[in-house]
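Read the structure below first, then the notes.
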Amino acid sequence: MRGGELTFQLELHRTRQWIVLPITLANNTELALVLDTGSAISAISPTIAIDLLALGHLEPTGANRYPLKGLTAQGVNFPDLRVAVFPRLARFGADGLLGLDFLRLFRRIHFDVDSLQLVLETR
């Protein structure tokens with residue numbers, strides 16, 4: 001992921017209130033993660049955390065911090081991402097969110113509202 005641009009086709013969440021990036025984890029779990037520039041950290045819902053813990057695919061690395069490993073989106077591999085568990089995500093019906101900690105992996109971000117395309121300029 002060095003020196004170029006990555007383009008992703010985002011989708012509307014089933015509620016049509018958020019834009020999501022569909023990702024796959026190393027264990028083939030598929031998640032729809034809300035792109036959230038207002039959150040400092042990335043997170044998953046308690047339901048997703050319980051499922052991943054039960055499968056042995058999630059281990060705590062600190063107080064309410066868990067690594068998501070082997071993230072892939074539309075053929076692009078991302079570094080592991082440490083996430084928190086946010087109970088409010090269950091109320092909203094979201095699998096999780098990608099916060100500024102994820103977006104800071106990139107030099108520049110651009111979102112085209114009409115096409116729902118996200119362009120990430122790599123460092």
### Message
Normalised by the empirical 2.2 N^0.38 Å for globular proteins, what value does the Cα Rg of region 12-84 take?
### Response
1.09
### Query
What is the antiparallel percent of DSSP beta bridges lying wholly in region 17-105, to the nearest 5?
75
#### Entry: Label-point separation, Arg16 to Asn28 (7 Å along Cα→Cβ), nm
3.4
### Task
Name the residue, out of Ala54, Ala84, Ala40, whose mean-square fluctuation peaks in a Gaussian network model built on the chain with Cα pairs under 10 Å.
Ala54
### Query
Over region 17-105, what relative contact order in percent results from Cα pairs under 8 Å that are six or more residues apart?
41
### Label point distance in nm, Leu100-Arg123, each placed 7 Å from Cα along Cα→Cβ
1.5
## Note on the structure
Across Val113, Val85, Val76, the residue with the highest GNM fluctuation in the chain (Cα network, 10 Å cutoff) is Val113
## Note on the structure
If the chain between Glu5 and Arg82 were fully extended at 0.36 nm per residue, the gain over the current Cα-Cα distance would be 25.4 nm
### Amide N proximity, region 7-29 versus Val113 label position 7 Å along Cα-to-Cβ, cut-off under 17 Å
10-13, 16-20
### Task
Using only C-alpha atoms and all pairs of different ones, pull out the Kirkwood radius for the chain in Å with one decimal.
14.7
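Bear in mind that the values in this text are calculations on the coordinates, not laboratory data. This structure is a prediction, so every number in the text was calculated from the model and none was measured. Ideal geometry is used to build each Cβ from the backbone, glycine not excepted, and the neighbour counts take in all protein chains shown.
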